[in-house]
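The values are calculated or read from the model by the stated rules, or taken from the named source; none is laboratory data. Quick caveat, the model's predicted, so the values are computed rather than measured. Cβ: placed from backbone, ideal geometry, glycine included. Neighbour counts: every protein chain shown.
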Amino acid sequence: MKLRFGYDMEYECVQPTPMIMTLNVHPSQVPDLEQPDHVNTEPAVPLSSYRDDFGNWVTRLVLPEGTTRVFSEAIINDDGEPDVTNRDAMQHAVENLPDEILVYLLGSRYCETDLLVDEAWKLFSSAPFGWQRVQSICDFVHQHINFGYDFARPTKTAAEAYKEKAGVCRDFTHLAITLCRCMNIPSRYCTGYIANIDNALNSDERDFAAWFEAYLDDQWYVFDPRNNKHVAGRILIARGRDAADVAISNAFGSNLLNKFEVFIGEVEE
């Protein structure tokens, strides 16, 4: 199937403001693009791109004084298959993990393993190893947190989400990642789009989505504690330790986001 996706945002700056934006489809899915997902601006400004330490495409630009529209629309081919599952996948002993995977066991900006490690072991030490333990964590987080945009704030951490029992998809994801890391399961944060194919999801949100990947049996598997389902139509933008590594924009100066629209849907053929 083909999916049309994109975004339309409008920033207001009181002076020229440097910005980095993580908005392009992840390099792993670029071969599936039928129509490129170029970052466009009105008025036009010079753009440059680089690959960050996690392999994500990042765009550099300077927004001029006044209002700037940042937008994109593209088409991608999707096989229509849900996320890969492997209920027999086992976790690795820490001493056997590849060196480059160890960073995803450590605490990070939004994932305070030191604050939740005791609670994690109380909750999940009796859960089966591997896939079933990750799924137990997702089941818990899915039930523990009440979803709502009114509960969102950019500074909320996993420990705060656990205590407050409320948040948005990034809070579900941060908490699940933290609990997995506490149980010695490497986990990394993902952001992107999810197409609500056949109304399989439990919300009609039009926003960038968050989920995570757990490292089991020498590969990464997708888990989604917000929806707690394996679904089709998932488009990856970026991966990192947590949301701080994959923010859609980082501005180096004062600005207002006056418009924010995200869309994804199946193309009728």
Residues of region 101-144 that turn out to be hydroxyl-bearing (S, T, Y) and within 15 Å of T157 (Cβ to Cβ), as a count: 3
H38 vs. criteria surrounded by 15 or more Cβ atoms within 10 Å (Cβ to Cβ) and either in contact (Cβ under 8 Å) with a residue 40 or more places away in the chain or in the same structural domain as F252 (by TED's automatic domain parsing) (or both): no
N202 in a loop (DSSP other than H, G, I, E, B) and modelled with pLDDT under 95: yes
Selection within region 243-267 - outside any strand (DSSP E or B) and either of a type in the set (S, T, Y) or more than 16 Å from V58 (Cα to Cα) (or both): G253, S254, V267
Residues located in region 220-231, provided they are part of a strand (DSSP E or B), farther than 11 Å from A176 by Cα and either in contact (Cβ under 8 Å) with a residue 60 or more places away in the chain or not assigned by TED's automatic domain parsing to the domain that holds Q135 (or both): Y221, V222
Residue match in region 21-30 (condition: in contact with a Ser or Thr (Cβ under 6 Å, 6 or more places away or on another chain), modelled with pLDDT of 95 or more and at negative phi): yes
Sole residue being of a type in the set (F, W, Y), touching a strand residue (DSSP E or B) at 6+ places or on another chain (Cβ under 9 Å) and within 30 Å of W220 (Cα to Cα), chosen from Y50, Y11: Y50
Filter result for A176 (part of a helix (DSSP H, G or I), within 17 Å of the chain's Cα centre (by Cα) and at negative phi): yes
Filter pass, A161 being among the aliphatic types (A, V, I, L, M), under 17 Å from the mean Cα position of the chain (by Cα) and either under 30 Å from N196 (Cβ atoms) or surrounded by 14 or more Cβ atoms within 10 Å (Cβ to Cβ) (or both): yes
Failed criterion for I197 (all others in (1) under 27 Å from E266 (Cα atoms); (2) out of contact with any strand residue (DSSP E or B) (no Cβ under 8 Å at 6 or more places or on another chain); (3) β-branched (V, I, T) hold): (2)
Breaking point among (1) at pLDDT 95 or above; (2) assigned by TED's automatic domain parsing to the domain that holds Q135; (3) not β-branched (V, I, T), for L256: (2)
Hits in region 136-156 - residues which are among the polar types (S, T, N, Q) and part of a helix (DSSP H, G or I): S136, Q143
